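Trainee: Can you read through this structure? Questions will come right after.
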Amino acid sequence: MADFSLTVATPERRLVDERATEANIPGLGGYFGVLPGHAPLLSGLGSGTMTWVSGGQTRILAVMGGFVEVLGDSVRVLADNAKPKEEIDRAKALELLKQAQQALSEHPDQWQDLTEALQRAQAEVDTAAK
Amino acid sequence: MPSLIDIRRRIRSVKNTQQITRALKMVSAAKLRRAQNRVIAARPYAQSLRELLENVAAAAAGDPDLAGSPLLANREEKRVQLILMTSDTGRAGAFNSTLTRGAEKFYEEHQGEQELIAVGRKGRDYFRRRLRPIAGEYIGVLGKATHADAAGIARETIRRFRDGEIDSVYLIYNEFKSVMTQKLTMIKVLPVELPEKKETRDYIFEQPPLEMLERLLPRYIETTIFRGMLETTAAEHAARMTAMDAATKNAGDVIDHLTLTMNRARQAAITKEIIEVVSGSAALD
């Protein structure tokens, strides 16, 4: 079966470097799927749960902002921050989410920055729940 | 000739120093390994980001609004900002003086008003003593530099550049070449000089290239500063390890020499005593 190389890196470390047969990535404009042979694509990365299939198993990762490049045989995800499910502290993530919601309702004028914080917290909570 | 007791006292003192230098060397060796791993771990992201920037820059080259991008604005260098990275503590040989000398040279070569952002205590202390204006200081972050620290420095720098408070930004740090050598490196951070690329690929752009570029540039600057921090940390530990290794060896040499002097003095004292006994008994005969 055809596959492609998938790498996920944050500024501090590389989290994923393996072969995958399909991936579902949260782009800035919404989730998009990648299968082998995808056309070259560049996109901003949104916040959410990224899933991919490697060796018949589905894996997940919370990603928060960044960039994605799909080029031929490789998909590179450059995330501002990313966390595997094991590393997420659910209670802490929920707390952050609540704080972000609170902040947004108090300062609706700074919605741009605050929405981003909210989405990042939401990404962690969602991933932890999967 | 110094007395036996004096020499013994000195030997003890040098031995104490040697214990400290040896401990420091071992601590640095452990920290160096960790710092090196972090440099290596950060490489894939930095490498990919640079390639991405090349691609996006090539695609955005045709955009007429490109010249108006605030982080690419080339202005006359009236106010120059220098980010200088040094270590927080000494005992690293010429590590910090190489950096401060590099900064001095930079000051001589650049016209206009200059201000310093000191990352690391040694650089701040050096220029504070010389009464140079220090616009910002980040002390104690290099030991366990996180990307968030670098992003904080980058954000403030970008804001000031965007607002026209500064016209260009340079970064001076020590690059980790090997355990024995560090290389003084200077990089122009702002305005960003876009990397050139010969061949271009046709990508599907989910967002317009220029928009992508403006999202990429701040990350690129953060990564540059972050890399400087990691390299400087690794180089610092390497320099300290080398310096402390030499110090430990030198202390050993001093101890050997002192021990020899001590034995000679002891032997001389014994000989003198024997002569005294012998000549005393000879006088009785």
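The values are calculated or read from the model by the stated rules, or taken from the named source; none is laboratory data. Please read all numbers here as calculations on a predicted model, not as lab measurements. Every residue, glycine among them, receives a Cβ derived from its backbone with ideal geometry; neighbour counts consider all protein chains shown. We work out accessible area using only protein heavy atoms, side chains counted, and drop any ligands, DNA or RNA first. Shrake-Rupley method; radii C 1.70, N 1.55, O 1.52, S 1.80 Å.
Trainee: Quick check: is even one residue across segment B:251-258 more than 12 Å from every other protein chain (Cβ to nearest Cβ) and of a type in the set (Val, Ile, Thr)?
Mentor: yes
Trainee: On to the next question. Residue A:87 fails exactly one of the following numbered conditions: (1) under 13 Å from the mean Cα position of the chain (by Cα); (2) away from every other protein chain (no Cβ under 14 Å). What is the number of that condition?
Mentor: (1)
Trainee: Still on this structure: Kindly provide the set of residues from segment B:74-130 that are open to solvent by 40 Å² or more (accessible area, probe 1.4 Å) and assigned to a strand (DSSP E or B), ordered by number.
Mentor: B:79, B:113, B:114
Trainee: Scanning for something surrounded by fewer than 19 Cβ atoms within 10 Å (Cβ to Cβ) and away from every other protein chain (no Cβ under 14 Å), does segment B:38-54 turn up at least one residue?
Mentor: Within segment B:38-54 (the criterion being surrounded by fewer than 19 Cβ atoms within 10 Å (Cβ to Cβ) and away from every other protein chain (no Cβ under 14 Å)), the answer is no, since none of the residues qualifies.
Trainee: With the structure loaded, tell me whether residue B:227 is open to solvent by 70 Å² or more (accessible area, probe 1.4 Å), modelled with pLDDT of 90 or more and not assigned by TED's automatic domain parsing to the domain that holds residue B:33 or whether it fails that test.
Mentor: Criteria not met by residue B:227.
Trainee: Let me ask another. Taking the stated definitions as given, is residue B:196 more than 13 Å from the chain's Cα centre (by Cα) and either open to solvent by less than 60 Å² (accessible area, probe 1.4 Å) or at pLDDT below 90 (or both)?
Mentor: When the stated conditions are applied, residue B:196 passes them.
Trainee: While we're on this one: Output the residue which, of all residues in segment B:178-204 that are assigned to a loop (DSSP other than H, G, I, E, B) and free of Cβ contacts under 8 Å to residues at least 40 places away in the same chain, is farthest from the other protein chains (Cβ to nearest Cβ).
Mentor: B:181
Trainee: Please name all residue pairs, on different chains or six or more residues apart, with Cβ atoms under 9 Å, provided the first residue is in segment B:10-34 and is within 16 Å of residue B:95 (Cβ to Cβ) and the second residue is of a type in the set (Ser, Thr, Tyr) and open to solvent by 60 Å² or more (accessible area, probe 1.4 Å).
Mentor: none
Trainee: Kindly check whether there is at least one residue in segment B:138-147 that is open to solvent by 80 Å² or more (accessible area, probe 1.4 Å), assigned by TED's automatic domain parsing to the domain that holds residue B:46 and closer than 23 Å to residue B:43 by Cβ.
Mentor: Within segment B:138-147, one or more residues are open to solvent by 80 Å² or more (accessible area, probe 1.4 Å), assigned by TED's automatic domain parsing to the domain that holds residue B:46 and closer than 23 Å to residue B:43 by Cβ.
Trainee: Could you pull out the residue among B:64, B:70 that is open to solvent by 60 Å² or more (accessible area, probe 1.4 Å), at pLDDT below 90 and at negative phi?
Mentor: B:64
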